[in-house]
Structures are given as C-alpha cells and as structure tokens.
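Notes follow the structure.
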Amino acid sequence: MDLPPLGSLARSRQLLSAYRHEKTDPAGFYTLLAQDSARQVAHYTPLSGRTLLDVGGGPGYFGDAFRALGARYVGLDADAGELSLHGRQIQHGTVIGSGMALPFLTGSVDVTYSSNVLEHVLEPYAMADEMVRVTRPGGLVFLTYNNWFAPNGGHETAPWHYLGGRRAADRYARKHGHRPKNDYGQSLYRTSVAQMLRWLSAQRGVVDVVDVLPRYHPTWATWVVKVPAVREVVTWNLLLVMRRKR
C-alpha cells in the first residue's frame with residue numbers, strides 16, 4: 001500500500017478517510033493504520049532485529065506491519081477475544097496480560113509500543129510506568145492514545161461524551177439495546193493531554209523526551225499540543241516518544 005510522506009497533509013487526509021470506514025472495512029482501516037504506525041516508529045529507531053513489545057496489540061494487524069520491517073514482535077493483550085477479532089488467527093508468541101503489570105523483565109525489550117490503549121485502562125500512569133520499566137537503556141517508548149475531549153474521545157458514544165461519559169454510555173444502551181464496547185467507567189476512562197504531559201514531566205530523570213506530537217496532524221499543525229485547553233479538543237490523539245536513559 002502506498003503511503004504519503006510522514007507529516008504531510010496527504011497522510012492526514014488518507015488516515016481520516018480510512019477512519020470513516022472503520023466499522024464497514026475494519027481490515028482495510030487497521031492494516032493502513034498499522035503500516036503507518038510501523039513506519040512512524042521506524043522514523044525514530046531501526047526495527048530490523050529489534051524486540052518490540054506491543055501493549056494492547058489486538059488481532060495482529062500491527063504484528064504484520066512490524067514484522068514486515070524486521071522487528072521481533074511480541075503482542076500483549078488483556079482480552080483473548082481481542083486477539084481474534086475480524087476472524088483473525090491468534091498470532092504465535094502473543095501474551096495474555098495486563099498493561100498495568102507487564103509480565104516482562106525490567107529492561108528486556110528494545111522498543112515498547114502502544115496505540116490507543118491507554119484510555120481503556122483504569123491506571124494510565126501505571127501502564128506508562130510499566131512501558132518505561134521493561135524498555136532497555138537506550139530503547140524507545142512509543143505511546144499514543146485518544147484523549148477524552150477530542151471529537152472521537154467517547155469512541156462509539158461520541159459526540160455525546162461531551163455531556164458526560166456515563167450519560168453517553170447510557171444513551172447508547174437505550175438506543176442499541178446493549179452497552180457500548182467502550183463503556184465509560186468500565187472499559188473507557190477520561191485521559192487528558194495535560195494529565196499525561198504531567199506524567200511525562202515527572203519522568204525526566206528516567207527518560208529523554210524525543211517528541212510530543214498530535215499523532216495524525218501534518219507537521220505544520222503540531223503546535224496545537226502547546227496550547228492549553230485548545231490541545232484537549234484539537235489534538236485528537238497524543239503521541240509521546242521517549243528514550244530510556246542509560
């Protein structure tokens with residue numbers, strides 16, 4: 001699949017267009033997202049021969065993309081059902097476990113990666129701390145998530161999440177006859193840009209900050225993360241890139 005250059009407006013448009021078809025063509029959307037993500041990580045560090053841990057890896061699209069670039073991929077997910085979504089086979093080497101207590105030795109992986117998982121855990125600081133812990137000195141931590149006040153922050157309950165997460169989830173249940181998969185207070189939590197920037201600031205003795213970006217924006221629009229309040233809505237998806245200090 002041909003991908004526009006990183007940081008280009010064409011890339012942003014392509015990803016936004018694909019996102020609109022997430023429900024009708026999940027394989028197409030997640031394959032594109034995974035390929036884009038893998039090359040974004042490769043922009044910061046070589047992947048060939050490196051051990052990469054994907055926290056919340058899901059049904060294998062990201063595994064395919066990272067292996068295609070030569071990484072030794074290890075996927076972790078807390079839910080076995082997530083690993084076989086869309087009829088996918090569970091990939092060899094996948095681990096069942098919690099992102100808040102990673103079952104890996106300290107400093108045991110070269111790259112720790114997580115995409116759109118942090119907003120689904122009760123203790124986001126604990127998960128971020130664990131990702132740093134298992135990364136070797138000099139290794140890369142690549143952490144990106146949907147912030148709550150973004151237009152898609154409520155996932156399938158958006159935009160009603162702006163009136164309150166529980167209210168939005170209850171409204172969804174009344175309309176569809178079942179609770180949303182991303183149920184506020186159960187499998188979806190309010191995680192802000194400011195919250196994780198405070199966490200990042202407290203890690204200065206442990207990591208070097210490489211980048212703080214709105215993940216899907218073109219390069220000329222990355223300034224939005226520097227503007228309090230505005231960044232909570234406009235960022236959509238915050239990317240934190242760190243290198244573990246030696």
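The values are calculated or read from the model by the stated rules, or taken from the named source; none is laboratory data. Just so it is clear, the model here is predicted, and its values are computed rather than measured. Positions of Cβ are backbone-derived with ideal geometry, glycine not excepted, and every protein chain shown enters the neighbour counts.
Would you check if there is a residue in the stretch 2-12 being surrounded by fewer than 19 Cβ atoms within 10 Å (Cβ to Cβ), in contact with a Ser or Thr (Cβ under 9 Å, 6 or more places away or on another chain), modelled with pLDDT of 90 or more and polar (S, T, N, Q)? Within the stretch 2-12, one or more residues are surrounded by fewer than 19 Cβ atoms within 10 Å (Cβ to Cβ), in contact with a Ser or Thr (Cβ under 9 Å, 6 or more places away or on another chain), modelled with pLDDT of 90 or more and polar (S, T, N, Q).
Take the residues of the stretch 204-216 that are at pLDDT below 95 and more than 27 Å from PRO5 (Cα to Cα): which is surrounded by the most Cβ atoms within 10 Å (Cβ to Cβ)? Restricting to residues being at pLDDT below 95 and more than 27 Å from PRO5 (Cα to Cα), the top hit is ARG204. Selection over the stretch 165-180 of residues that are without any contact (Cβ under 8 Å) to a residue 12 or more places away in the chain and part of a loop (DSSP other than H, G, I, E, B) gives a count of 3. State whether the residues of the stretch 44-63 include one that is of a type in the set (D, E, K, R), closer than 26 Å to SER187 by Cα and either touching a Gly at 6+ places or on another chain (Cβ under 9 Å) or at pLDDT 90 or above (or both). For the stretch 44-63, residues of a type in the set (D, E, K, R), closer than 26 Å to SER187 by Cα and either touching a Gly at 6+ places or on another chain (Cβ under 9 Å) or at pLDDT 90 or above (or both): present.
Across the stretch 62-74, the qualifying residues are those that are out of contact with any Phe, Trp or Tyr (no Cβ under 7 Å at 6 or more places or on another chain) and part of a strand (DSSP E or B), and the one among them that is surrounded by the most Cβ atoms within 10 Å (Cβ to Cβ) is VAL74.
Among the residues of the stretch 79-124, what is the count of those that are at pLDDT 75 or above and either closer than 26 Å to GLU156 by Cβ or in a loop (DSSP other than H, G, I, E, B) (or both)? Reasoning before the result, please.
Let us first name the residues in the stretch 79-124 that are at pLDDT 75 or above, namely 94-124.
In the following step, the residues that additionally are either closer than 26 Å to GLU156 by Cβ or in a loop (DSSP other than H, G, I, E, B) (or both) were identified as 94, 96-100, 102-108, 113-124.
Of the residues in that region, 25 qualify.
Taking the criterion of being surrounded by fewer than 24 Cβ atoms within 10 Å (Cβ to Cβ), of a type in the set (Asp, Glu) and either within 15 Å of SER192 (Cβ to Cβ) or out of contact with any strand residue (DSSP E or B) (no Cβ under 9 Å at 6 or more places or on another chain) (or both), would at least one residue in the stretch 152-160 satisfy it? Yes.
I'm checking my understanding of the structure. Among residues of the stretch 13-43 that are of a type in the set (S, T, N, Q) and either in contact with a Ser or Thr (Cβ under 8 Å, 6 or more places away or on another chain) or not in a helix (DSSP H, G or I) (or both), which one is modelled with the highest pLDDT? Walk me through it before giving the result.
Filtering the stretch 13-43 down to residues of a type in the set (S, T, N, Q) leaves 14, 17, 24, 31, 35, 37, 40.
Those left that are additionally either in contact with a Ser or Thr (Cβ under 8 Å, 6 or more places away or on another chain) or not in a helix (DSSP H, G or I) (or both): 24, 37.
Working: THR24: 82, SER37: 95.
Applying the filter and picking the extreme gives SER37.
Scanning the stretch 188-203 for residues that are more than 11 Å from ASN146 (Cα to Cα), outside any loop (DSSP other than H, G, I, E, B), among the hydrophobic types (A, V, I, L, M, F, W, C) and without any contact (Cβ under 8 Å) to a residue 60 or more places away in the chain yields ALA194, LEU197, LEU200.
For the stretch 125-138, a residue qualifies if it is small (Gly, Ala, Ser) and assigned to a helix (DSSP H, G or I), and the qualifying residues are ALA126, ALA128.
For TRP148, the conditions (1) modelled with pLDDT of 95 or more; (2) touching a strand residue (DSSP E or B) at 6+ places or on another chain (Cβ under 7 Å) all hold with the exception of (2). Sub-9 Å Cβ pairs linking a first residue in the stretch 213-236 that is in a strand (DSSP E or B) to a second residue that is small (Gly, Ala, Ser), at least 6 apart or interchain, are PRO214/ALA221, ordered by first then second residue.
Would you check if PRO59 is part of a loop (DSSP other than H, G, I, E, B), surrounded by fewer than 17 Cβ atoms within 10 Å (Cβ to Cβ) and not aromatic (Phe, Trp, Tyr)? The answer is no for PRO59.
A search for C-beta distances below 6 Å between a residue of the stretch 108-133 that is surrounded by fewer than 17 Cβ atoms within 10 Å (Cβ to Cβ) and any residue that is β-branched (Val, Ile, Thr) and part of a helix (DSSP H, G or I), counting only pairs 6+ apart in sequence or on different chains, returns SER108/VAL134.
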